[in-house]
Structure formats: structure tokens, C-alpha cells
Amino acid sequence: MFRFFRSTENQRLVARLVRESFREHMFGYGAAILSMLVVAGMTAASAWILREITNEFVIDKRVDRVNMIAAAVAGIFILKGLANFVQAYFMSRVGNAIIADRQRKIYDRILAQGIEFYHSTSSSDLITRMTNNAQAARNVLDLIVTSYVRDLVTLLALIGVMVWQQPVLSLICFVAGPVAIYGVNRILKRVRKFAAMEFRSVGQIIQVMQETAIGVRVVKSFNLESLMRKRMYKAVADVEDRANNIAALEAVTSPVMETLAGLAIAGAVMVSGLLVLQGGQMPGNIMAFIAALLLAYEPAKRLARVRISLESGIVGVRMMFQLADEPLSLAEKPDAKPLRTGPGEIRFDAVSFAYQNGPPVLDRFDLTLEAGKMTALVGPSGGGKSTILNLIMRMYDPNSGKVLLDGQDISHATLASLREKIAYVSQDTFLFAGTIMHNIRLGRQDATDDEVIAAAKAANAHDFIMAQAKGFETDVGENGGLLSGGQRQRISIARAMLRNAEILLLDEATSALDAESEALFRDALQQLTQGRTTIVIAHRLSTVHQADTIVVLEGGKVVESGPHRALLTQGGLYQKLYEYQLMP
């Protein structure tokens, strides 16, 4: 067991886990450890008292000692039973608390990460770390406490009984120890490899299940059931194989330990029997020695196998701490301050930006978005339109240059103060599990029911909502799966309208609406955008005629800018795009 901790990395991981967990759960662990010490002491006492029973009753015929020894036996086992209860109770409570604490910390760390982190990390991997890794942390701590306290102290106490009664016979039994340790060391290297592979395979199961549930329409429409089934079966088989490999390696320790223990016990029985027959030892001493030897077998076996279990668990702990130590891809500055209220002018000042490992999207980009006006961003795909919105919301930081809101560098502002000024509607509509009322109210969580209903009416969502059996209390299903694309989009628009923020960002907000709903939304938008800074991204140019300024982007550059009618007379890219969309 101790060789496991010779690895510097293992030492560091375990020390950190123990330090953080024991500090937070000192009372629970203290009560459990104290109870384990009592269990260890009572186990050794139960072996020792066999000497008294045999020598006093069988050999010396001391009838006067019966009551006292009987009371001692009862006391030993009653105290041991109570201590076992206290130990199990506190270890369970502390273990459950550790899982909950770890899951909260993992989630907080994930939530604090920027968008770039999510693009480079699969959701299935994050789910695995939330569940399996938190459980692994508990398992490792349980193993350390039970091994170092209960099993190790019990074993040492029983060895003390053995040595006190029969020091020579004890040496015979100790010969088996080094042989057992050598065998376990050989097994351990293979367990480490299989444990890491098992964690990755579990992530594959989660990934395939997610893709099946989220993409079920694609799976069904393209007859992909067979392909998805093969992927799932392979992932499940991989987990099964890894688990079987680990189980087989763990099982190998049992026959090794059984054989070595059997030989040691047989040798001890043979020698002790000869000693008693020759009259060289009291039978009670031999009985106490044999009892201690037999009782020592189980904790010794658990200690021999604990390294294998620790190697399996430490893989999960390592992954958990890797996530905890992952640098934040976007973070507030230590001296960040809330943004001051202003009219809402947004300015890009020599901004350069590229996504991770990608080509430049913006290069020394300058643009001013007037306060209280509607600005439309149009142009071919890849021109930087969505990137501009991402930078305004500070989902990313520029590689160089500044994004200014009312003259304030948003990279020096608190994220909360920036984002509370913004309402955002994406073309990739996302709804949370719950009701329609719940999803709209997420725009402003303190909104009244009447305000939610008014926002739904403004987004032309009220009629279809009231047509549902439960109205606003209708459940939307996972990611709004029980609603149509247009219905989900209108709920998303209602959510943004309810927010009533100073800045409104619309990224293809009407892409899922039919012509009638889009026309109604444009009417509502005119009211919503009065005196509000609004930035609209649209590929359908018919939706941006009313914009005060249309900015045409190509290759991360502003190639044209002006109102709709003026741009149509310039014979530039905007006119070409507009005429192209008018073609039958």
C-alpha cells in the first residue's frame, strides 16, 4: 500500500484531496476515526481474551472468574458493535457530503469558464467528471481512512497480540508479507492503464446517448439506428471489458493471499501444536495467537488489495483536479468595476481577433454602433458578424484593441454589469427544461406573470401558448422538443423582450418564423427598439429595411455602410446581395 504513495503525483493528489476534504468535514471524520480506533482495539481484545478463557477455565478451572470474563466478552462485542455503527454512519454522511461538495465545485468551475472552453471540451466529458469523478474522490478518501485507520491499526494491534504471545511463531507468519507485496506490485501497473481506459469509455457512452437524444430526428430520418446502435454497443462493450480486466486483476489477489495465508497459518498451527504437546506453552497463549492470526487475515488482505482500488480511483481524482485547475479562458480582472449607465454607444477600436487555432476574423477593426439606433450587420458568411456580437457580450476577449461601451473598456468591467445591459436572441434557440412561463421569465427572474404575458404578446407568442392545453404552464420538453422551431424562437424573442435591456442583440432572430409571424415581429420590434441600441444580424435582407444603419461586412472588413435605400443606389455588395435574394 505504501508504495502507491511513492509516486510524487499520487502523493500530491491524495494530499490535496485529504487536506481539502478533512478541513471541511473535520468533525465527521474525527468521529469516524475515533470509532475505528475503538473497533481495532476491541478486535485485538477479542483475540486476547481467548487466552484468559482457555487458561482460566480449561486449565486452571477458575470458576470464580466466569462472571467477570463473561462480562468482559459481552462488553467487547457491544462496544465494537456500537463503534461500527458510529463509524458507518459518519463515513456515509461525510462521503455523501463530499460527493455533493465536489459536484458543486466542479459545476462552479465549469460555469466560470468562457465559451472557448466549451468549444474544446465535449459535454459528455464534463458530465463524466461531474458524476464519476466526484464518486471517485469519495471512494479514494474512504479507502484511505478505512485502510490507514481501521485496517492498519487493527492489523498492528493483532500483530501486537501475536508477538506478545508467540514472538517466534509471529516471525514465521511474517515471511508471507514480502511475497504478497511483490505480487500486488506486478498487478498494479496493469490496473492503472485499464482504469484510465474505463473512464474514457464511460464518456463515450454518455456522448452517444446525448447525440441520440438530441439528434433523434436526424437519427430517425436518415435510418441511423443501426449505426448509433453499433456505436453504443461498442462503447458499452469497452466499459465491460475494462471493468472485467480490473475485476480479474483484483480477483487474482485473493488466491495469492489465500495461499500465502494458508501456508502461514498451517505452519503456525503445526509448530504451536508441537509446543503445547511438549508442554512448553500454555494452551491459552496458543489460542490467543491463533485467534489473532486468523483475525489479522482479513485486514491484511484488504490492505494488500487497497493499492489496486486506489489506482482505479486516483484516475478519477486526477481528472477532477485537472478540471479544477484548468485556467479560465475568460475571467474578470481583479479590479473590475460595474459599468456606468450611459446612452449605449458601442465602439470597436482597432480590434483584432481570431478563434483558437483559426485564421484572423477581425484585423484592426473599427466600428461605431450608435446609441439608441438600430444597426444591421449583413454580408457573406464568415465576415465576422456573429464574432462582433460575441465580443460585445464578452464571450471572448479581443487579441488586441478595445471594445468600448459608452467609452468604457468592457474588459475592465464586471461581467454581470455588462451582460445585464444586454438581451440576446440567437438563431440557435435554446429552451430550458420546464414550462413556457419559466423559460420566458428567465429573461428577468423578478418579472410578474402579467409582464411575462405582455412579453409573449409582443413576440406574437401569446396565441399559440394559449392554444396549448396548459397555456403558459405547458412543459416545453428537453430543449423545447415538444414545440416547433418557430414556437421556440418566439419564446426566445419574448424572453429577450421581457429583459428590457439597454442593448438588444438579434442573431438571425426571425430565421425560424414564417412570413406572417416575421411581419408581426417587425412591427413589435419597432416599438421595442425605440431609444434602445439594437444590433441585428440577418441574411434575409427584407428583415433589415427599417434599420437606421446597415453595415456590410466581408472578410472582417466594413465594405459599405448606410441606410437601406442609400446602399441600393451605390451598386456595391449590398445591392448584389439584395438583388440575388429577389431572384426567383
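Output yes when any residue across region 363-382 is more than 30 Å from residue 561 (Cα to Cα) and among the polar types (S, T, N, Q), and no when none is.
No, that holds for no residue.
To keep it simple, each residue is scored yes or no on (1) more than 23 Å from residue 572 (Cα to Cα); (2) crowded, with 21+ Cβ neighbours inside 10 Å; (3) without any contact (Cβ under 8 Å) to a residue 12 or more places away in the chain.
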residue: 358; (1), (2), (3): yes, no, yes
residue: 372; (1), (2), (3): yes, no, no
residue: 385; (1), (2), (3): no, yes, no
residue: 393; (1), (2), (3): yes, no, no
residue: 404; (1), (2), (3): yes, no, no
residue: 409; (1), (2), (3): yes, no, yes
residue: 434; (1), (2), (3): yes, no, no
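Answer yes if at least one residue in region 449-458 is under 29 Å from the mean Cα position of the chain (by Cα) and surrounded by fewer than 18 Cβ atoms within 10 Å (Cβ to Cβ), and no otherwise.
No, region 449-458 has no match at all.
Just one of (1) at pLDDT 85 or above; (2) surrounded by 15 or more Cβ atoms within 10 Å (Cβ to Cβ) trips up residue 284, so point out which.
Against the list (1) at pLDDT 85 or above; (2) surrounded by 15 or more Cβ atoms within 10 Å (Cβ to Cβ), residue 284 comes up short only on (1).
Which is surrounded by 23 or more Cβ atoms within 10 Å (Cβ to Cβ) and within 23 Å of residue 329 (Cα to Cα), of 389, 362?
Going through 389, 362 in turn, just one is surrounded by 23 or more Cβ atoms within 10 Å (Cβ to Cβ) and within 23 Å of residue 329 (Cα to Cα): 362.
When both residues are 6+ apart or on different chains and their Cβ atoms are under 9 Å apart, which pairs have a first residue that lies in region 328-341 and is in contact (Cβ under 8 Å) with a residue 12 or more places away in the chain and more than 15 Å from residue 405 (Cβ to Cβ), and a second that is of a type in the set (D, E, K, R) and assigned to a loop (DSSP other than H, G, I, E, B)?
Listed pairs, sorted by first residue: 330/394; 330/397.
In region 301-329, how many are within 21 Å of residue 113 (Cα to Cα) and part of a helix (DSSP H, G or I)?
Result for region 301-329: 9.
Could you check, for region 476-486, whether at least one of its residues is in contact (Cβ under 8 Å) with a residue 40 or more places away in the chain, surrounded by 15 or more Cβ atoms within 10 Å (Cβ to Cβ) and either assigned to a strand (DSSP E or B) or not assigned by TED's automatic domain parsing to the domain that holds residue 370 (or both)?
So far as region 476-486 goes, no, none of its residues is in contact (Cβ under 8 Å) with a residue 40 or more places away in the chain, surrounded by 15 or more Cβ atoms within 10 Å (Cβ to Cβ) and either assigned to a strand (DSSP E or B) or not assigned by TED's automatic domain parsing to the domain that holds residue 370 (or both).
How many residues, within region 307-323, are surrounded by fewer than 21 Cβ atoms within 10 Å (Cβ to Cβ) and closer than 17 Å to residue 145 by Cβ?
Counting residues in region 307-323 that are surrounded by fewer than 21 Cβ atoms within 10 Å (Cβ to Cβ) and closer than 17 Å to residue 145 by Cβ gives 1.
Going by what's in this entry, would residue 501 be described as under 21 Å from residue 386 (Cα atoms), surrounded by fewer than 22 Cβ atoms within 10 Å (Cβ to Cβ) and either among the hydroxyl-bearing types (Ser, Thr, Tyr) or touching a Lys or Arg at 6+ places or on another chain (Cβ under 7 Å) (or both)?
yes
Under the condition of being farther than 17 Å from residue 507 by Cβ and of a type in the set (S, T, N, Q), which residue from region 543-581 is surrounded by the most Cβ atoms within 10 Å (Cβ to Cβ)?
549
Condition first: of a type in the set (Ser, Thr, Tyr), at pLDDT below 85 and buried (at least 22 other Cβ atoms within 10 Å of the Cβ). Now tell me which residues in region 148-171 satisfy that.
Within region 148-171, none qualify.
Among the residues of region 237-250, is any at pLDDT below 70, under 29 Å from residue 167 (Cβ atoms) and not charged (D, E, K, R)?
no
Which residue pairs have Cβ atoms closer than 7 Å, lie 6 or more positions apart in sequence or on different chains, and pair a first residue in region 136-157 that is closer than 17 Å to residue 30 by Cα with a second residue that is hydroxyl-bearing (Ser, Thr, Tyr)?
Pairs found: 141/21; 143/309; 145/29.
The values are calculated or read from the model by the stated rules, or taken from the named source; none is laboratory data. Treat the numbers as computed from the prediction; the structure is a model and nothing was measured. Quick reminder, even Gly has a Cβ in these numbers, built from the backbone with ideal geometry, and neighbours come from all protein chains shown.
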